[in-house]
Structures are given as C-alpha cells and as structure tokens.
Amino acid sequence: MKKMILKAIVFSLCAAMLFSEPVFNQESEDKEQKINNLSCKFLKTINSFSNSHSLVIIDRSLNYSQLTLDGSNRPEVQQFRELYQKEQYRKLLSDSLENAVEYRLYVRKAIADAGLPPELEYLPVVESFYKTNAKSRSGALGMWQFMANSVKPYLKLNDYVDERLDPWYETEAALKKLQENYRMFGDWLIAIAAYNCGAGAMTRALAKAEIKSFWYLCEKELIPLQTRQYVPKLIAIADLVMNTQYYENNIPLHETEYESLFNEKNGLFDFITVNRPYSLKQLARAMRIDTDELIKLNPSFTQGCTHPKTESKIRLPLGMEETALKALETIEPLDIPIKYKVVKGDTLWGIAKKHGTTVKAICELNNIKENSVLSIGKILYVPQKISR
C-alpha cells in the first residue's frame, strides 16, 4: 500500500512540473517531447518496484472491451493512460481526434478492410496528433511521418508531388509498411516499434535479445527510449478512446463515430488522369466548384498543378468525373515550369517579363500573392513556353 501511495505522489509531482510549463502554444513535437520526458522520469520511479508489481490491477468487470494488442495492464502503459486522463492532455487528445475525423475514419475503414489491429487507427495521434502537414525537426512529414529517404516504394516525392502530404495515400503506405514489418517479425508490438526505430535497428536489437518480445527489449534497453515509449503510448491512447465509457473521459464514442462515414470520410472519390501540367485552381473554376475544396482533396501537388511530364491522378468529389473531363476541354495546360532562384533586385514583374509569362501565372503556380516580398534565394517555379 505504501508503494502504491508513493507511486501516486510521484506521478502527481511530475505532472505538476509538466503542466507548469506553457507547452500548449508550441509545436506538436515539442508537446510530445515533454510528454516523453515526464514519462521517462515517472517510468524510472515505478521501475524501482516493478519486479514485485509488474502488472497494474484494473477492475474491468463492466463495459470494457479488451484490446487486440497485449500490454494494456502494464505499468509502462498505465503511466500514459494516467497522463492522458489529466484535463489538459485529455483535451489535447480529444481535439486531435475530433479535428481529424474525416481522415481518421477513413484510416479506420482501411485498417478494418486489411484485417489489421484496430488500435493502429491511433498511431497517427502518436506520430503527429493527426496533422496532415506535421513536420518534425528531422524532416519527417505528414500524418504518418514518413522521412524523405523512406518513401520508396510506397509514395511519390519529386519537385511537383509529395504524397506524404496526402492523408489517403500516406495511410495506404503506412499500412503496407506495418504489414511488411509484421511479416518480417511475426509480432505486432515489435512491428509497430519497428515503424518507429526502423526494421534494421529492430533486427539488430532482436539479435541481442534472449527473449524475442517487445517488453523484454524495453526491460533490457535494447531499443531507443523513444521506441520504448512509442508502443505503450499507442496502447494507452487506444485503450482510452476505445473504452471511453469505461474511463468516463468524454471522448466521442468509438462505435458511434463509425456510423457517420460518408464520401471522403469513407474514401469514396472520383478520379481523372492527366499527363500535362494543369492548374488545380483553373480546373476548379472551370468545374464551378470551390477551389479550396479541390486543393484540399489533392494536397500532394505541392506547386498547385499536376506534374508536367508524368501521369497524375486528380482526386474529385464523388460524382464529378464527367464535369471534370468537360472542364479540361475548356482550359489550357500550363507551360512547363522551370526552377528560378531569386537574386537581389528581383521582382515578380521583372521575372515574368524575362521569361515571357505573367505575374498572375507565376503567383498561381507558386501559390503566392502578387504583392509578395521575394527573399533572396527563394525558389520559384516559372512557366516557360512549350509546344502544344
């Protein structure tokens, strides 16, 4: 009993230290780092008596759905479960789930269709708080945080396209990668951990391990601290959300959400394929739909246009394929853009005149305003004339 009381006091003190800092006006990565730092201190404390108290006893006799991933009753998970039940972090969790509902429910369906553990729906919370444009200090990008050197063969990345910014494409890629990890390691906790630290690092860690389990790797510190916290954090978040009534945490009911799937939430779209550089804004105007809507459906086109030389698929609202094809007949492809680095004294008007184009065309291609100030060294994409 004394040890349990000590545990509660230590966690409360650690939480008080964390909440005294203004973490909620910083980037998601900074928030997660503070969570990790807090949990690291707390984990060291509870590890001092973990041999005699290896499991957290939870009364689950009523309204509790058992997770498919093992470990929900481990102290490593309990520390994050307690943390995310604190008012500020409960709100952070709830807001991130609510704001991403149109993508998250698509993720849920994709996971169910592939027969994967349903808890994977909450992995983007751990990765990015479900922010589709989240970028880490190391350069990982998107909801699932792919690094540029890890996109192949899953996603396209070039001067015009970055599919890491597309929540639908990146979800497909992440699930493929997780499935490959599972086929390699035969254990879901290890497969998920390998998504964080890399399959190579996980293979090396397992080679040193007498027992091939995630929790053994954690106990012997054979994998990085971030990875040791990565899986417990996922299990804790999934447990809280999938058992919201049990924990009385006011997070939207898991099963009720699923009933509201429709259109983009269900991943139902129309597509057209083009082989020339078309402006998304011009296409939206020709289709007489909101330009922001079409751009939002196609976030991977980083220059606001399709690729000038290779095949591009444009995602459309359901039922708009015929309208889009007719609209394409009324607009001209863009001139193939070239890269131009801004030098001292450059203006948009001067650059446009030099390359035989217009300020409007440059602005539209680069998603900037005509009164934008050009910084030296900035890269602009400038249309140039091509044969029709």
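Details
- Heavy atoms of the protein chains alone define the surface here; on that basis the stretch 103-182 has 38 Å² accessible area per residue at 1.4 Å probe size.
- Heavy-atom accessible area for residue 372, with the other protein chains in place and a 1.4 Å probe, reaches approximately 40 Å².
- Förster radius 25 Å - calculated FRET efficiency between residue 367 and residue 313 (Cβ-Cβ, nearest 0.05): 0.80
- For the stretch 321-385, applying the loop criterion from DSSP together with a ceiling of 16 other beta carbons within 10 Å to the trypsin sites (Lys or Arg not before Pro) yields 344, 369, 378, 385.
- Applying both filters, DSSP loop and at most 13 other Cβ atoms within 10 Å, to the chymotrypsin sites (Phe, Trp or Tyr not before Pro) of the stretch 281-388 eliminates every site.
- By a 1.4 Å probe calculation restricted to protein chains, residue 168 has an accessible surface near 10 Å², given to the nearest 10.
- The mean accessible area for residues of the stretch 185-228, using a 1.4 Å probe and ignoring ligands and nucleic acids, is 49 Å² per residue.
- Sparse packing (at most 10 other Cβ atoms within 10 Å of the Cβ) combined with a DSSP loop state is found for the following GluC sites (Glu not before Pro) in the stretch 314-361: 329.
- Cα centroid separation, the stretch 203-242 to the stretch 132-190 (Å): 20
The values are calculated or read from the model by the stated rules, or taken from the named source; none is laboratory data. Owing to the predicted nature of the structure, the values given are computational and were not obtained by experimental measurement. All Cβ positions, glycine included, derive from the backbone under ideal geometry; neighbour counts span all protein chains shown. Side chains included, ligands, DNA and RNA excluded: accessible areas come from the protein's heavy atoms. Shrake-Rupley method; radii C 1.70, N 1.55, O 1.52, S 1.80 Å.
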